[in-house]
Amino acid sequence: MEEYMRRAIVLAKRGTGNVAPNPLVGAVIVKDGEIIGEGWHRRYGDLHAERHALANVKKSPKGAIMFVTLEPCCHTGKQPPCTEALVEAGISEVYIGSRDPNPLVSGKGVAFLKEHGIIVHEDFLREECDEINTVFFHYIKDKTPYVVMKYAMTIDGKIATATDKSKWITSEVAREHVHKKRGIYTAIMVGSNTVLYDDPMLNCRIEGGRDPVRIVVDSKLVTPIDSKLVKTAKDIRTIICTASDDGDLIKQYESHDVEIFKCSLKEGHIDLKEMLEKLGADGIDSIYVEGGAGLHSAMLKDRLYNKAEIYISPKIFGGINAKTPVGGEGVDDPIDAFDIHNVNVTRIGDDFLFEGDF
């Protein structure tokens, strides 16, 4: 039985980067010990996994068993209820991995199936199924994006030399890995200083990759009109979060298709919590924050990060004036440090990816 659910998990992951803000879901239909249909949620607005699997069956699904990674939906959204499709198809038994925290579904999908005579097994390989939808569960419960802190540094903790040179800290294979990550999360975010110093594109530069929504935290609207981000906003969705009331300047950005999100100030800077609430309300369920040091410091101070993804290169820059990844004043005492838990370290070429939860 477990092999079928694990197959459903593999299928679910195929939707990575394409289904947000929906969850990753996979489904496998088994009859007489044979897989007769498979499906997954391929992209936002498309068939849900259950209906996709039913559309691909090679024989009648009447009396078959379905393995699905998430509780089937029982409400009409972009697609009709999957629970109705299971009943109409004559599915006799369903193994469900994760429980859906969405109040429109939570428990109601299971209840509907049981009311229509379908045998339901809940929490089957739940931990493994839950793991693929960390972003979705956070977004549904908190209504704010799941936020990832990302930076690359030398083994002595530097992100640039004392003369501001930073290309390249990590290897080409590690940089390619970063671009894959950019395609996973819905949006990428930087502070205005990063735009001023680096003039980045913040796109996904791998074949078949998906460009994330680009977000700049820019309280005073200093992002250059001739920056790469502004000049390419017609092609890649670009948002500037600002507290500026300069209507004429705002019109200049908007003429280039840049979206302006007005936010309040807090201690002289953008109110980051309010900003995340606004972005969440706009459907942005996850953000990959690539700095700079000031933004990382402010996000940490307000405890807004959910995860850290830190690339470490076995190089030493040295230099007391060389830049570090987190600015600000820092903590006063080690006991006040921002702890990272559930740490996992992966070797990528000669570099290392350090991942953990806040």
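The values are calculated or read from the model by the stated rules, or taken from the named source; none is laboratory data. A quick note: this is a predicted structure, and the numbers were derived from the prediction, not measured. With ideal geometry, Cβ positions are generated from the backbone for all residues, glycine too; neighbour counts draw on all protein chains shown. The accessibility values were calculated without ligands, DNA or RNA, using every heavy atom of the protein model including side chains. Shrake-Rupley method; radii C 1.70, N 1.55, O 1.52, S 1.80 Å.
Some notes on this structure:
- Summed over the residues of the range 1-74 and divided among them, the accessible surface reaches 41 Å² per residue at a probe radius of 1.4 Å.
- For a paramagnetic label modelled on ASP235 (point 7 Å from Cα along Cα→Cβ), amide N atoms under 18 Å away belong, within the range 248-263, to 256-259.
- Helical runs (DSSP H, four residues minimum) scored at -39500 (n - 2.57) apiece and divided by the length of the chain put the mean residue ellipticity at 222 nm at -7500 deg cm²/dmol.
- When both bridge partners sit in the range 146-287, DSSP labels roughly 10% of those beta bridges antiparallel.
- Applying both filters, DSSP loop and at most 15 other Cβ atoms within 10 Å, to the GluC sites (Glu not before Pro) of the range 296-358 gives GLU329.
- Average accessible area per residue (Å²) across the range 202-287 - probe 1.4 Å, nucleic acids and ligands excluded: 48
- Take every DSSP beta bridge whose two residues both sit in the chain; close to 40 percent of them are antiparallel.
- Percent carbon-and-sulfur accessible area, the chain, ignoring ligands, DNA and RNA, probe 1.4 Å: 49
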